[in-house]
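J.: First, the structure itself, so that you have it in front of you.
The values are calculated or read from the model by the stated rules, or taken from the named source; none is laboratory data. Predicted model, so just to flag it, every value in this text is computed and none were measured. In this analysis, Cβ positions are derived from the backbone assuming ideal geometry, glycine residues included, and neighbour counts consider all displayed protein chains.
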Amino acid sequence: MLDEAKTSANDSAMNATKTHSAPRIITLASSKGGVGKSTCSAALAGALASREGAVTLIDLDVNGTLIRWYNKHGGKLPNITVLQATPDTFHQLLTNATSSNSAYIIIDVAGAYEATMIKAIAESNLVITPAKLSEPDLREAAKVFSEVEALNKRFRATIQYRLLVNEAETLNPMYQRHALAEVDASALTRFTHLMNKRAAYREIFITGLPPHFADKGRGPIAKAVAELDDILTEIVQILSEPTKAKAA
Ligand SMILES: Nc1ncnc2c1ncn2[C@@H]1O[C@H](COP(=O)(O)OP(=O)(O)OP(=O)(O)O)[C@@H](O)[C@H]1O
Ligand SMILES: [Mg+2]
């Protein structure tokens with residue numbers, strides 16, 4: 001299974017070195033469960049859909065968080081399409097999505113260290129790993145980071161990587177400042193903006209509405225929209241940067 005994934009990763013990583021106009025492929029990856037991959041996928045899809053146009057989400061997690069969300073609430077999610085993929089159908093679905101009118105494809109994977117995650121990473125322009133400022137989350141983020149580095153080095157690919165600090169505390173307590181300083185001193189490259197712990201994110205899978213589609217007249221929603229816009233601006237910037245393939 002891993003060999004198969006590596007072969008596929010080989011082809012895919014080499015594809016990643018080719019310049020292609022669109023769409024941009026973003027994978028939310030962490031080998032740890034419950035870090036916020038599905039929440040960030042849906043929140044960012046909402047932001048992209050309202051700012052940049054059509055976005056396709058590929059749910060590559062057997063638990064199907066995003067496909068259940070879409071089946072229930074898709075009618076109120078303009079510009080968002082969710083496709084459910086299995087490891088076997090993933091490449092075909094991705095090919096189909098690539099020829100759709102979506103400028104962005106977001107892939108949500110299961111929270112486990114498995115070949116499917118590597119497959120998705122290998123197809124990506126950008127890998128985002130959400131992580132709380134806790135040792136277990138950051139440890140798993142470092143594993144994903146190494147995987148991206150290995151693919152880039154081995155296949156001269158240019159997959160970008162960013163840690164997204166999730167469930168941060170808005171009051172920015174001392175432990176948080178300290179932990180952020182430790183992350184910044186490490187090899188983990190992070191988004192400058194943090195994703196705070198907010199009810200607006202929890203609400204996505206309850207009301208069905210990502211912050212950009214919810215009532216922005218509500219203060220908590222407006223704050224989530226503002227921070228997502230900041231993160232999205234960073235994403236667009238990262239994806240527009242010229243990248244250099246690393247030496248093999
Ligand atoms: N920024 C946030 N603020 C508040 N709650 C959050 C935030 N991010 C995630 N959560 C909550 O944390 C829980 C786990 O999030 P989520 O399901 O997105 O994680 P996941 O990484 O996709 O998990 P899995 O690996 O099981 O698929 C959910 O209840 C979600 O509402
Ligand atoms: Mg999930």
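Okay, residues lined up against (1) more than 15 Å from SER41 (Cα to Cα); (2) touching a Cys at 6+ places or on another chain (Cβ under 8 Å); (3) more than 16 Å from ligand 2 (Cβ to nearest atom); (4) modelled with pLDDT of 95 or more:
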{"residue": "ASN101", "(1), (2), (3), (4)": "yes, no, yes, no"}
{"residue": "ASP108", "(1), (2), (3), (4)": "no, no, no, yes"}
{"residue": "ALA112", "(1), (2), (3), (4)": "yes, no, no, no"}
{"residue": "ALA115", "(1), (2), (3), (4)": "yes, no, yes, no"}
{"residue": "SER124", "(1), (2), (3), (4)": "no, no, yes, yes"}
{"residue": "ILE128", "(1), (2), (3), (4)": "no, yes, no, yes"}
{"residue": "SER146", "(1), (2), (3), (4)": "yes, no, yes, yes"}
{"residue": "PHE155", "(1), (2), (3), (4)": "yes, no, yes, no"}
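J.: Of all residues being within 21 Å of VAL144 (Cα to Cα) and within 8 Å of ligand 1 (Cβ to nearest atom) in region 43-73, which is nearest to the chain's Cα centre (by Cα)? Just the residue, please.
T.: Among those that are within 21 Å of VAL144 (Cα to Cα) and within 8 Å of ligand 1 (Cβ to nearest atom), it is ASP61.
J.: Just for region 194-245: of the residues that are within 15 Å of ligand 1 (Cβ to nearest atom) and among the basic types (Lys, Arg), which one is farthest from the chain's Cα centre (by Cα)?
T.: Looking at residues that are within 15 Å of ligand 1 (Cβ to nearest atom) and among the basic types (Lys, Arg), I get LYS223.
J.: Another question, if that's okay. State which residue pairs qualify: first residue farther than 10 Å from ASP59 by Cα and inside region 78-94, second residue small (Gly, Ala, Ser) in any location, beta carbons under 7 Å apart, and separation of 6 or more residues or different chains.
T.: From region 78-94, the pairs are PRO78/ALA49; ASN79/ALA49; ASN79/GLY53; ASN79/ALA54; ILE80/ALA45; ILE80/ALA49; LEU93/ALA85.
J.: Could you please let me know if ILE105 is within 16 Å of ligand 1 (Cβ to nearest atom) and either under 16 Å from the mean Cα position of the chain (by Cα) or closer than 23 Å to GLY208 by Cβ (or both)?
T.: no
J.: Look through region 12-51, keep the residues that are farther than 29 Å from LEU133 by Cα, at pLDDT 50 or above and out of contact with any helix residue (DSSP H, G or I) (no Cβ under 8 Å at 6 or more places or on another chain), and return whichever of them is surrounded by the most Cβ atoms within 10 Å (Cβ to Cβ).
T.: ALA22
J.: Name the residues in region 158-172 that are away from ligand 2 (no atom under 16 Å from the Cβ) and either in contact (Cβ under 8 Å) with a residue 40 or more places away in the chain or in a loop (DSSP other than H, G, I, E, B) (or both), would you?
T.: THR158, ILE159, GLN160, ARG162, GLU169, THR170, LEU171, ASN172
J.: Could you give me the residue pairs with C-beta distances under 7 Å whose first residue belongs to region 123-140 and is over 13 Å from LEU164 (Cα atoms), whose second residue is of a type in the set (S, T, N, Q) and not in a loop (DSSP other than H, G, I, E, B) wherever it lies, and which are 6+ apart or on separate chains?
T.: GLU123/SER12; SER124/THR27; ASN125/GLN160
J.: Filter region 91-137 down to the residues that are buried (at least 23 other Cβ atoms within 10 Å of the Cβ), hydrophobic (A, V, I, L, M, F, W, C) and farther than 15 Å from VAL55 by Cβ and list them by number.
T.: VAL109, MET117, ILE118, ALA120, ILE121, ALA122, VAL127, ALA131
J.: Still on this structure, I have one more. Among the numbered conditions (1) more than 13 Å from the chain's Cα centre (by Cα); (2) of a type outside the set (Gly, Ala, Ser); (3) crowded, with 22+ Cβ neighbours inside 10 Å, tell me where ASN79 comes up short.
T.: Every listed condition holds for ASN79 apart from (3).
J.: GLU234 is checked against (1) surrounded by 12 or more Cβ atoms within 10 Å (Cβ to Cβ); (2) farther than 19 Å from ARG24 by Cβ and fails just one. What number does that condition carry?
T.: Among (1) surrounded by 12 or more Cβ atoms within 10 Å (Cβ to Cβ); (2) farther than 19 Å from ARG24 by Cβ, the lone unmet condition for GLU234 is (2).
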